[in-house]
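Worksheet: one structure, shown below.
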Amino acid sequence: NNEACAPARPRSIRVEKAGTQPVGTPNDDGTYPLDGAAFAIYDNAELSGTPVSVLDGGSSFVVSSLEKGVTYWLVETRAPAGHVLLPRPVPFHIEVGTDEARSTVIVADYGPDQGFTSVRVLPADADASGDAALPGIRVVDTQVGELPKAGAGGIYPYLAVAAGLVGLAGVCGMRRKEYAMAK
């Protein structure tokens, strides 16, 4: 559990929440920061016990207590208003980079066929400063669709018209019978 004969240090990553609504400064992939999400990171597939980290409220969070060689699961516990939650936990683990700085590398433990099209792994950025230099996971939210209000009154007006026509047909039939008997 050491890196080059030194104690292993916890690794930091960032978790970002993004959307497609043009609010704020756009990210490099054309998405925009989205506030109001909440996440939890677990170190077991059952998602039981106390989470390793809980993130709440903003659009970007820093997690600084992750160890390499452990599989973690990122769970979205609350989506911003008008958006949907991630359908299931996102598995990932931390590795140490091969560069001089032995930077942190996030490795996704899911394949392209597992439906995580809204989850993007971001590499560390040596040219950036602060939290932006950390590797990260960006979750791009999908807006909840809203059906148009059609304004239909339902089936009841049609039933009323049908009952009226049947009644009118019955009255016409009775009149015709009375007319035929009078002759």
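The values are calculated or read from the model by the stated rules, or taken from the named source; none is laboratory data. Keep in mind it's a predicted model, so treat the numbers as computed, not measured. Glycine gets a Cβ as well: all are built from the backbone with ideal geometry, and neighbour counts include every protein chain shown. All accessible areas refer to the heavy atoms of the entire protein, side chains included, with ligands and DNA or RNA removed. Shrake-Rupley method; radii C 1.70, N 1.55, O 1.52, S 1.80 Å.
Some notes on this structure:
- Amide H partners (placed H, <5 Å) of N44, local residues excluded: W73
- If you sort S129, S65 by accessible surface, 1.4 Å probe, largest first, the order is S129, S65.
- For L147 and R78, a Förster radius of 22 Å and the Cβ-Cβ distance give a FRET efficiency of 0.40, rounded to the nearest 0.05.
- Backbone phi angles across segment 71-87, fed through the Karplus curve with coefficients 6.51, -1.76 and 1.60 (θ = phi - 60°), yield HN-Hα couplings of 7, 10, 10, 8, 10, 8, 9, 8, 9, x, 4, x, 10, 9, 6, 4, x Hz in residue order; Gly and Pro are listed as x.
- Distant-in-sequence amide H partners of T77 (H built 1.01 Å from N, under 5 Å): A38, F39, A40
- Amide hydrogen proximity for A18: with H placed 1.01 Å from N in the peptide plane, the residues at 5 or more positions away or on another chain lying under 5 Å are L34, V139, V140, D141.
- Additional length obtainable on full extension of the chain from D35 to R176, 0.36 nm per residue less Cα span: 43.4 nm
- Highest average first, the peptides 69-76, 174-181, 18-25 ordered by how many other beta carbon atoms sit within 10 Å of their residues are 69-76, 18-25, 174-181.
- 3J(HN,Hα) along segment 37-52: 8, 9, 10, 9, 10, 10, 10, 9, 5, 7, 6, 9, x, 7, x, 5 Hz, from the Karplus curve 6.51 cos²θ - 1.76 cosθ + 1.60 with θ = phi - 60°, whole Hz, x for Gly and Pro.
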